[in-house]
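The values are calculated or read from the model by the stated rules, or taken from the named source; none is laboratory data. Since the structure is predicted, the reported quantities are computational estimates derived from the model, not experimental observations. A quick note on method: Cβ atoms are made from the backbone with ideal geometry, for glycine too, and the neighbour counts reach across all protein chains shown. To get the accessible areas, we keep the full protein, side chains included, count just its heavy atoms, and leave off ligands, DNA and RNA. Shrake-Rupley method; radii C 1.70, N 1.55, O 1.52, S 1.80 Å.
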Amino acid sequence: MRHYGLVLWIILLMGIRASLAQVAPDCANAVPICNNTPVNGGTQGWGTDDFNGALQTGCLEQTGSGAIESNSAWYRFRTSASGELGFNIGFDTSEDWDFALYRASDCNNLGDPVRCNFFDNSDGMAFMGVGVDPTGATTVLYEDWLQVSPGEDYYLLVNNFSNNNSGFSIQFSGNIFVTNPNDALDCSIISNLLGPPLSACDNANVVLDATTTGALSYNWYQDLGSGFQQLTGEHNPTLQVTTSALYRVEVATSGGTTIISDVQVAFTATPTAHPMTHDEICSDAGTYDLSQKDAEALGAQDPNTFMVSYHSTLVDAANGVNGLPRLYPINPGTETLYVRVSSVANPNCFDASRQFELTTVETPVLDFPTAVFLCEGDTMTTIGPAIPNGSTSYQWDTGETTASITVSQPGTYTLTATNHQAGLSCENTRAVQVVISEIPEIMDVIITDLEDNNTVTVVPAGAGAYEYRLDNGPYQTDPTFTNVTEGTHMVAINDLNGCGTDTETITVVGFPKFFTPNGDGVNDAWHIVGINTLENPVVSIYDRYGKLLRQMDQNSLGWDGTFNGRSLPASDYWFKLSYTNLEGQNITAKFVDNHFSLRR
């Protein structure tokens, strides 16, 4: 699948004649390159199908050409040191390029690529490669760094997918070129007398050396794009050059042979980093867009020719390593960021003499509760930060300017806190909802007993945010308790908004809802089950008019439905249960379903 990136840069390349000198469309003729020298090239068609009709190699697939290669260029290099190695392939932002890198020493045995990228460039990136984008951009056009050892051979295929190209450049990167700046790549693979391509800054002293044992004469030529022209008067073994061109030397030897060697030399303008202004940002922004400083660093210089990167140390800026991401995660306080302006075509031409300070001003942190409850019966409550910040000013929508305020009415109150530092005002706003909360009250307790699983349900008097507890157990949000043992218990309801607690003592007993005193031996007497768990229990039975009919204690066998020896009629009868509590007080049990039926 092909993916997308972002527009950033455009590469500047040499003329087509010079470019063609550095292109090999076939793996067998791959151009050898060494050291950290940028290579400028271009592509025009492809030669032999190096993949013998294969449909795929790594991430690369057949193109419209009917082969994997469409407009291809092959290069090879050999490592001579250990470390982290990468490369940047720079190209016009309107074009689409792909690459595959093989660790191999034989074009006939390439195997699978160790790095490969086939993501398209619809969003106009200017670089792809291995490692990280030199501009600090996050992009899918980059593969992971290579960890290399000395003596490893690699072949690099650069493929133009868009069939429209203005050329490309290859620039090596990685810490291997910091630890071994002059011999990271082995130059012995290049048999060319004049050596590898040379890319230099416009103020560099470049001398081509063709010194050859047994040489009889030297003739130097220059090609600016219209063919080689001999340089008048240049017959020394060396030639000092100041112009970008393709150079050739012809060396006549005493053995009667003539050695011809060509080398491409590209001069790149050295940029100037312009003065930078300091900047401030509020901490709640999270990141700082470094790209907004590019125009300052570049001044009037062309952003298509020069790129800007930012670094946390001067050493990193000078070495062009560890570039900061464009969306830079900010840090508290003031930090110095170092600026590097470098040539897109040759990153070795740079100016890292500028820096600027980035100050992060803390946005006030407002973490006080956004919902506060004014308990029923209370006259006021306090809202806002308990401890004010000395550098922060506060403004409530009520007009008050203290961090916290006292309110007596429900409603929404909004606080704006502002931190004024370094000429910047960082602001945060937080609203508080004040709500009246009722004091909790137990209206009823529903006790379901005389079953295998006695349950107790607490019924609150009003609506609110409550939690419930039985005896000394944990609070729960469910008002119902199951498997409650017979005897006395304490139930509690607690207001989650901090408006108090209400408790009640209950008694869980068992009794029949009806009885049938007809002498058949079934339900002939009415009694309470479990009152033996109470201290001095007394059960008093009444008719509907409140007349006391019978009193029983824990030793009673039950009521047989008579009064003074006379059978009472079928009807509902009421009872009360009293007992002595732990404090020695005689109390009447509440929340007991205190009526039952006599059936004849």
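In table form, for the structure just shown:
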item	result
Per-region count, the stretch 479-538, residues closer than 28 Å to Thr562 by Cα and either among the charged types (D, E, K, R) or out of contact with any helix residue (DSSP H, G or I) (no Cβ under 7 Å at 6 or more places or on another chain) (or both)	30
Breaking point among (1) modelled with pLDDT of 90 or more; (2) under 30 Å from Arg354 (Cα atoms); (3) in contact with a Ser or Thr (Cβ under 6 Å, 6 or more places away or on another chain), for Ala266	(1)
Odd one out for Ser199 among (1) touching a strand residue (DSSP E or B) at 6+ places or on another chain (Cβ under 7 Å); (2) polar (S, T, N, Q); (3) farther than 19 Å from Pro347 by Cα	(3)
Residue tally, condition assigned to a loop (DSSP other than H, G, I, E, B), farther than 26 Å from Val361 by Cα, touching a residue at least 12 places away in the same chain (Cβ under 8 Å) and not aliphatic (A, V, I, L, M), over the stretch 302-350	8
Residues (touching a residue at least 24 places away in the same chain (Cβ under 8 Å) and either exposed (fewer than 12 other Cβ atoms within 10 Å of the Cβ) or not in a strand (DSSP E or B) (or both)) located in the stretch 405-414	Ser408, Gln409, Pro410
Residue list for the stretch 246-268, filter: closer than 30 Å to Asn304 by Cβ, more than 42 Å from the chain's Cα centre (by Cα) and not hydrophobic (A, V, I, L, M, F, W, C)	Tyr247, Asp262, Gln264
Every residue from the stretch 124-173 that is without any contact (Cβ under 8 Å) to a residue 60 or more places away in the chain and either surrounded by fewer than 18 Cβ atoms within 10 Å (Cβ to Cβ) or assigned to a helix (DSSP H, G or I) (or both)	Asp144
Whichever residue in the stretch 28-41 is at pLDDT 70 or above and among the small types (Gly, Ala, Ser) and, among such residues, is farthest from the chain's Cα centre (by Cα)	Ala28
Close pairs (7 angstrom Cβ cut-off, 6 or more residues apart or separate chains): over 27 Å from Asn205 (Cβ atoms) in the stretch 250-268, not small (Gly, Ala, Ser) anywhere	Ala252/Leu216; Ala252/Thr258; Thr253/Thr212; Thr253/Leu216; Thr253/Ile259; Ser254/Leu216; Thr258/Glu250; Thr258/Val251
Index of the failed condition, Ile493 passing every other in (1) part of a strand (DSSP E or B); (2) on the phi > 0 side of the Ramachandran plot	(2)
Enumeration of residues in the stretch 356-372 that are surrounded by 19 or more Cβ atoms within 10 Å (Cβ to Cβ), assigned to a strand (DSSP E or B) and not β-branched (Val, Ile, Thr)	Leu358
Where His278 falls short, out of the listed (1) closer than 28 Å to Ser173 by Cβ; (2) touching a residue at least 60 places away in the same chain (Cβ under 8 Å)	(1)
Matching residues, the stretch 174-192, being at pLDDT below 90 and crowded, with 22+ Cβ neighbours inside 10 Å	Phe177
Hey, Val341 surrounded by fewer than 14 Cβ atoms within 10 Å (Cβ to Cβ) and over 25 Å from the mean Cα position of the chain (by Cα) or not	no
Residue in the stretch 284-307 that is farthest from Gly131 (Cα to Cα), counting only those that are at pLDDT below 95 and surrounded by 17 or more Cβ atoms within 10 Å (Cβ to Cβ)	Thr305
Members of the stretch 344-353 that are modelled with pLDDT of 90 or more and buried (at least 20 other Cβ atoms within 10 Å of the Cβ)	Cys349, Phe350, Ala352
Looking only at the stretch 459-496, and only at residues there that are of a type in the set (A, V, I, L, M) and open to solvent by less than 50 Å² (accessible area, probe 1.4 Å), the one that is nearest to Ser437 (Cα to Cα)	Ala465
Pro271 being closer than 22 Å to Val308 by Cα, crowded, with 19+ Cβ neighbours inside 10 Å and modelled with pLDDT of 95 or more	yes
Pairs with Cβ under 6 Å, 6+ apart, first in the stretch 47-66 and on the phi > 0 side of the Ramachandran plot, second open to solvent by less than 40 Å² (accessible area, probe 1.4 Å)	Gly58/Ala100; Gly58/Pro113; Gly58/Cys116
Residues located in the stretch 490-540, provided they are among the charged types (D, E, K, R) and either more than 60 Å from the chain's Cα centre (by Cα) or within 13 Å of Ala589 (Cα to Cα) (or both)	Glu504, Lys513, Asp520, Asp524, Glu535
Test result for Gly195, crowded, with 17+ Cβ neighbours inside 10 Å, under 46 Å from the mean Cα position of the chain (by Cα) and at pLDDT below 95	no
Residues (in contact with a Gly (Cβ under 7 Å, 6 or more places away or on another chain), over 30 Å from Ala463 (Cβ atoms) and buried (at least 16 other Cβ atoms within 10 Å of the Cβ)) located in the stretch 497-514	Val509
Test: residue in the stretch 379-402 that is assigned to a loop (DSSP other than H, G, I, E, B), in contact (Cβ under 8 Å) with a residue 24 or more places away in the chain, over 30 Å from Thr501 (Cβ atoms) and open to solvent by less than 20 Å² (accessible area, probe 1.4 Å)	no
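Yes/no matrix, rows are residues, columns are (1) charged (D, E, K, R); (2) out of contact with any helix residue (DSSP H, G or I) (no Cβ under 6 Å at 6 or more places or on another chain); (3) open to solvent by 40 Å² or more (accessible area, probe 1.4 Å); (4) under 17 Å from Asn165 (Cα atoms):
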| residue | (1), (2), (3), (4) |
| --- | --- |
| Thr48 | no, yes, yes, no |
| Asn52 | no, yes, yes, no |
| Thr63 | no, yes, no, yes |
| Ser82 | no, yes, yes, no |
| Leu85 | no, no, no, no |
| Asp92 | yes, yes, no, yes |
| Asp98 | yes, yes, no, yes |
